[in-house]
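Notes follow once the structure below has been shown.
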Amino acid sequence: MSTTLPVFNLAHQHRPDEVLEPRTSAEVVRAVRAAAAAGRRLHPVGTGHGWTHAIEGGTALLTCGLDTVTIDGERSSARIGAGCRFQEVIVAVAPHGLTPLAGSAPAVGVIGFLLGGGLSPLGRSYGWATDYVRSAEVVTGTGEIVTASEAEHPELFRALLGGKHVPGVVTAVEIDLLPLSTFYGGGLFFDAGDAETVLTTWATWSAQVPEHVNTSAALVRMPDLDSVPVPLRGRFVVHLRIAVPLDLVGADEAATLVAPLRSLASPLLDTLGVLPASGIGAVHADPVRPMPVLEAGALLRDFDPTAARKMLAVAGPQTAAPLAMIEVRRLGGRLAEPPKRPDAVVGRDAAYGLFVVSAPVPELFADAVPAAVGGLAKAMAPWASGGFQPNFVGALNQPSAFATAWPEETAGLLRSVRETYDPADVIGH
Ligand SMILES: Cc1cc2nc3c(=O)[nH]c(=O)nc-3n(C[C@H](O)[C@H](O)[C@H](O)COP(=O)(O)OP(=O)(O)OC[C@H]3O[C@@H](n4cnc5c(N)ncnc54)[C@H](O)[C@@H]3O)c2cc1C
């Protein structure tokens, strides 16, 4: 059956044989065992931000019913059900003066994000979000409920910390929270006419900033919608994003650090200021409305002014590239530190991450979008590390991107964990 699952990315027409929405871990166990007995695959589905293909047949297991957040204020931790989005967690823990290390879009599911490593707009200051996972409850492909942690099922636990496609359904995670109440940040939006000055200067500036400065730059074709602020509506803009946690520096110092960007040109919109930690979604201001998009990502070893000019030449305001957004995130800082325990995170050795989102126009998906993304990939090739961050692999990446994302030692661990916990290959992704 072709069915419209309640997911963010509408580009993929999922056709599962059945859709289940369990409300307890025991119901997940029953679903996995029934799928295994029937020789069906079972696909865990979160908020559907990260699917790179359509589900064909089998069982789609929606996790949205597993939506409980339990806070332990004394331990500064939270147990989060698999169906939770970051927004629910952020709101639940904020009264305790705590915040999770969330991604750019609070509407994204916590589990899918964590399974890929979890790159936060505060990552340079605090590391990968998986660094904060204490344990996870998993229903394995054999239908057993296990708790994975450093002490229990350590290899499965390691696979969960960045291995992305895991041999089970994660039903809940326990994570450490940050005692962060405010940060300095937001966005600077510049006109297309200033694109070269802004992007080349940001490239130089971002390479030198200290680790408490988190930043990214995006070329965005803003839709002409009422939900878009009037000065940006229907325009091509360069969006510089900033987040400086104020437990590390004062607001005045943070403002001084970003002053060179503010004086580059006259911004169309400047939203920089002191924000509550719960306002992290305002930094990227990612779309929340479901839409059909194709995506691709790559890791970069560098992004210098020459790379910025090349990018503008193939996808800048003078071109007709059907791309809604091209984003370059500065990595490094604590994201580059060696892990304190074994994990499967990818991206520590890259200086920047590149992510491309197509225009939400399915008629362009067959030819125009792949051609534009291919042209961009070719232009960026001299700066590409050759690696891929699993959370930013999309339908427009080569099929080999997932296969080659992990170094051989980690890939071997992921294979062996799959053979142990899902020998019949029941869990599909
Ligand atoms: C607008 C936008 C902004 C984003 N920003 C960031 C960001 O800042 N940082 C970052 O790291 N990533 C980011 N991402 C990527 C995002 O983290 C991934 O797409 C992630 O997979 C989304 O999780 P989800 O809940 O939507 O999972 P889904 O898209 O539903 O699933 C993705 C994969 O995870 C598996 N999965 C989901 N839930 C479970 C479960 N409970 N047990 C086992 N497997 C499961 C699915 O089977 C599937 O293979 C962003 C994506 C979008 C669209």
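The values are calculated or read from the model by the stated rules, or taken from the named source; none is laboratory data. All values reported here derive from a predicted model rather than from experimental measurement. All Cβ positions, even for glycine, are placed from backbone atoms using ideal geometry, and neighbour counts span all protein chains on display. All accessible areas refer to the heavy atoms of the entire protein, side chains included, with ligands and DNA or RNA removed. Shrake-Rupley method; radii C 1.70, N 1.55, O 1.52, S 1.80 Å.
Say we look at the stretch 31-43 and pick out the residues that are over 18 Å from Leu5 (Cα atoms) and out of contact with any Leu (no Cβ under 9 Å at 6 or more places or on another chain); which of these is most open to solvent (accessible area, probe 1.4 Å)?
By that ranking, first place goes to Arg33.
If you take the residues of the stretch 45-65 that are assigned to a strand (DSSP E or B) and among the hydrophobic types (A, V, I, L, M, F, W, C), which of them is nearest to the ligand (Cβ to nearest atom)? Steps first, answer last, please.
Let us first name the residues in the stretch 45-65 that are assigned to a strand (DSSP E or B), namely 45, 56, 59-62.
Next cut, among the hydrophobic types (A, V, I, L, M, F, W, C) only: 45, 60-62.
Numbers: Val45: 5, Ala60: 9, Leu61: 8, Leu62: 9 Å.
By that ranking, first place goes to Val45.
Among the candidates Arg329, Arg418, Arg334, single out the residue that is open to solvent by 40 Å² or more (accessible area, probe 1.4 Å), basic (Lys, Arg) and under 19 Å from the mean Cα position of the chain (by Cα).
Arg334
The rows are residues; the columns are (1) modelled with pLDDT under 95; (2) polar (S, T, N, Q); (3) more than 23 Å from the chain's Cα centre (by Cα).
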| site | (1), (2), (3) |
| --- | --- |
| Leu115 | no, no, no |
| Arg124 | no, no, no |
| Thr130 | no, yes, no |
| Val133 | no, no, no |
| Thr201 | no, yes, yes |
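State all residues of the stretch 115-141 that are under 21 Å from Arg418 (Cα atoms), part of a helix (DSSP H, G or I) and open to solvent by less than 10 Å² (accessible area, probe 1.4 Å); if no residue qualifies, say none.
Thr130
Among what's in the stretch 287-302 and is touching a Gly at 6+ places or on another chain (Cβ under 9 Å) and open to solvent by 30 Å² or more (accessible area, probe 1.4 Å), pick the residue that is nearest to Val373 (Cα to Cα). Step through it out loud before you land on a result.
Restricting attention to the stretch 287-302, the residues satisfying the condition of being touching a Gly at 6+ places or on another chain (Cβ under 9 Å) are 288, 290, 293-301.
Within this subset, residues satisfying the condition of being open to solvent by 30 Å² or more (accessible area, probe 1.4 Å) are 288, 290, 301.
Values: Val288: 23, Pro290: 22, Arg301: 19 Å.
Out of the qualifying residues, it is Arg301.
Can you tell me which of Asp349, Asp302 is touching a residue at least 60 places away in the same chain (Cβ under 8 Å) and either out of contact with any Ser or Thr (no Cβ under 8 Å at 6 or more places or on another chain) or in a loop (DSSP other than H, G, I, E, B) (or both)?
On the way: Asp349 fails: touching a residue at least 60 places away in the same chain (Cβ under 8 Å).
Being touching a residue at least 60 places away in the same chain (Cβ under 8 Å) and either out of contact with any Ser or Thr (no Cβ under 8 Å at 6 or more places or on another chain) or in a loop (DSSP other than H, G, I, E, B) (or both) holds for just one of Asp349, Asp302, which is Asp302.
If I ask for residues that are of a type in the set (Ser, Thr, Tyr) and within 10 Å of the ligand (Cβ to nearest atom), which ones from the stretch 66-114 would you list?
Residue satisfying the conditions is Ser104 alone.
Looking for something open to solvent by less than 10 Å² (accessible area, probe 1.4 Å), farther than 22 Å from Pro338 by Cα, touching a His at 6+ places or on another chain (Cβ under 9 Å) and not polar (S, T, N, Q) - is there at least one such residue anywhere in the stretch 144-159?
Taking the stretch 144-159 as the starting set, the residues that turn out to be open to solvent by less than 10 Å² (accessible area, probe 1.4 Å) are 148, 156-157, 159.
Next, from what is left, pick out any that are farther than 22 Å from Pro338 by Cα: none.
Within the stretch 144-159, not a single residue is open to solvent by less than 10 Å² (accessible area, probe 1.4 Å), farther than 22 Å from Pro338 by Cα, touching a His at 6+ places or on another chain (Cβ under 9 Å) and not polar (S, T, N, Q).
From (1) open to solvent by 40 Å² or more (accessible area, probe 1.4 Å); (2) in a loop (DSSP other than H, G, I, E, B); (3) farther than 18 Å from Ile427 by Cβ, pick out the condition that doesn't hold for Gln87.
(2)
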